[in-house]
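Accompanying notes for the structure given below.
The values are calculated or read from the model by the stated rules, or taken from the named source; none is laboratory data. Not measured: the values here are computed from a predicted model. Here the Cβ positions follow ideal geometry from the backbone for every residue, glycine too, while neighbour counts run over all protein chains shown.
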Amino acid sequence: MPESAENPLRDVLGDVMHAAGVAGGVDTLERLTGGASRETWRFAVGGEAFVLQRQRPGTPRDMHVEVAVLEAAHATGVPVAEVVTSSRGMATNPLGEPFMVMRAVEGETIARKILRDDTFGSARPLIAGQIGRAMAQIHRIDHTTIEGLEGEDQVARYVQLMDESGQAHPAFEIAFRWLEANRPAPRDWCLVHGDFRLGNVIVGDDGLRAVLDWELAHVGNPAEDQGWVCVRAWRFGGGKPVAGVGDYAELLDAYEAESGVRIDERELRWWELLGTVKWGLMCISQSAYHLNGVVRSHELAAIGRRVCENEYDALMMIRELTGGAT
């Protein structure tokens, strides 16, 4: 990052941290890889590491909702990074766009390393149960105290997304028909993380340390999170269904032990199928940004190749769930 861009941020960030009661100058300011909706910086003050996330201009999602969710999660005991300060509630925002600063949590986020490196050999048998407990903690947060959370029927939402794509995907249409015909009994809605998976968690040699990336948090069915973490794409080549490291029973038993609520495996599998279709449709949407010339990106173009993988996975799941019937 050029000095001209880094130094003003360093100075303003120092003032922000001082106002938050963190004394000392900002040093080791480093820009990290960020998503399309925000930029991410790691820095230190007085020897302690922090992470700044700042929303990019024009981003439709309100980061302040995410801040409120994170604060509620931390207060409830969910393993998350603590928010030290944010622009939420500030009369004047010194950083221009909505932002939050969190204490850094040390560990690994790269799924391939978590699944294969010897460093995490002792952690892998723990992760599925830890995920189940963390989900239960998330789901008991009182979502009515958080303004701005949205909630809608997931099947209807993604049927609409498929229709709006203007593309024919018979495999997904078959999956939606099966999902509609085999809906589980409804449950009371709760706070749902919305993207709980490897890549969005920090893992150490002791297992799960923090849940990241709460941008998609919303109100919905608690089994949605459980199905999503089991989608084949989020196993990253791991041999077991829960994040590539655990069995369904480990996740469900830990969730029940923490929450007192039992979600059976077939209900989870319904949501896993829906998650598979959702990810396939997300791949279509992301590749469309490249194909339509909105953003030229090899990464977005490559994501389009993943659509057929999800179509195949969806059809194989339906075959399995129907006992091989066609």
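When T40 is tested against (1) surrounded by fewer than 15 Cβ atoms within 10 Å (Cβ to Cβ); (2) within 20 Å of the chain's Cα centre (by Cα); (3) under 27 Å from C230 (Cβ atoms); (4) among the β-branched types (V, I, T), exactly one condition is not met: (3).
On the stretch given as segment 183-223, residues that are within 29 Å of R54 (Cβ to Cβ) and of a type in the set (D, E, K, R) total 5. The residues listed here are D225, D253; of these, the one that is surrounded by fewer than 20 Cβ atoms within 10 Å (Cβ to Cβ) and modelled with pLDDT of 95 or more is D253.
Among the conditions (1) in contact with an Asp or Glu (Cβ under 9 Å, 6 or more places away or on another chain); (2) surrounded by 19 or more Cβ atoms within 10 Å (Cβ to Cβ); (3) part of a strand (DSSP E or B), V219 misses just one, which is (2).
Every test in (1) surrounded by fewer than 21 Cβ atoms within 10 Å (Cβ to Cβ); (2) farther than 23 Å from E173 by Cα is passed by A210 save one, and that test is (1).
Results for (1) touching a residue at least 12 places away in the same chain (Cβ under 8 Å); (2) assigned to a loop (DSSP other than H, G, I, E, B), shown as yes or no for each residue.
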| site | (1), (2) |
| --- | --- |
| R157 | no, no |
| Q160 | no, no |
| E164 | no, no |
| A171 | yes, no |
| R177 | no, no |
| R183 | yes, yes |
| P186 | yes, yes |
| F196 | yes, yes |
| V203 | yes, no |
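When Q130 is tested against (1) over 20 Å from Q55 (Cβ atoms); (2) surrounded by fewer than 21 Cβ atoms within 10 Å (Cβ to Cβ); (3) in contact (Cβ under 8 Å) with a residue 12 or more places away in the chain, only condition (2) is not met.
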